[in-house]
Amino acid sequence: MGEHTPDTEKQRAIRFCPLHPDPDQAENASLLLAEWQVIQSSVCVSDRMIDITYDLVDITLTEIEEALVELGFHLDNSLMCKLRRALYAFTEENERANLKARPTRQIPNDAQDVFVSRYQKLRHGCRDTRPRHWREYL
């Protein structure tokens with residue numbers, strides 16, 4: 001794993017759907033997240049939004065939101081929230097890769113090397129037998 005630095009500390013807002021039957025959804029989620037050791041702080045800002053602070057080396061916003069959805073919370077799925085969520089997921093995944101942190105949902109390097117070497121040794125029709133200068137001609 002990477003090391004904890006001020007650059008890896010992230011502060012994000014999580015917004016909840018206003019149509020949920022539980023009007024205290026944000027407060028309940030804030031109390032729940034405050035108990036997790038990987039969450040540094042969780043503050044309920046309004047009845048539909050919380051601010052959280054976490055370290056990117058330990059957890060990502062995507063993992064936090066997936067856990068909240070599994071627990072029955074309904075996140076805001078407006079277009080702006082979806083775009084923001086996708087941008088955060090992309091940037092956090094890249095930052096974790098740059099930090100040499102364990103990337104989420106990826107085959108370990110040792111296993112990947114085994115699969116690559118096995119694929120290279122198999123006889124199949126996926127090889128181009130032309131010389132290199134012919135392949136790069138077009």
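Observations on the structure shown:
- Sparsely packed loop sites in the range 31-80 (the chymotrypsin sites (Phe, Trp or Tyr not before Pro) outside DSSP H, G, I, E and B with at most 15 other Cβ atoms within 10 Å) comprise W36.
- F90 versus E70: modelled label distance in nm, points set 7 Å from Cα along the beta carbon direction: 2.7
- For the range 12-100, applying the loop criterion from DSSP together with a ceiling of 14 other beta carbons within 10 Å to the trypsin sites (Lys or Arg not before Pro) yields K100.
- Cut-off 11 Å between beta-carbons: net charge of the residues surrounding V43, Lys and Arg +1, Asp and Glu -1: -2
- Inter-probe distance in nm under a simple model that places probes 7 Å from Cα toward Cβ, at E136 and T53: 5.2
- Computed over the range 6-98, the P(r) tail beyond 24 angstrom holds 15 percent of alpha carbon pairs.
- Proximal charge balance of D55 [Cβ under 9 Å; K/R count +1, D/E count -1]: -1
- Under-5 Å amide H pairs with H74, H placed in peptide plane, nonlocal only: C17
- Sites M80 and A34, calculated FRET efficiency, Cβ-Cβ separation with R0 25 Å, nearest 0.05: 0.40
Read-outs throughout are calculated quantities, based only on the coordinates presented, and are distinct from any laboratory measurement. Remember, it's a predicted structure, so these values are computed and weren't measured experimentally. Note: ideal-geometry Cβ built from the backbone for every residue, glycine included; neighbour counts use all protein chains shown.
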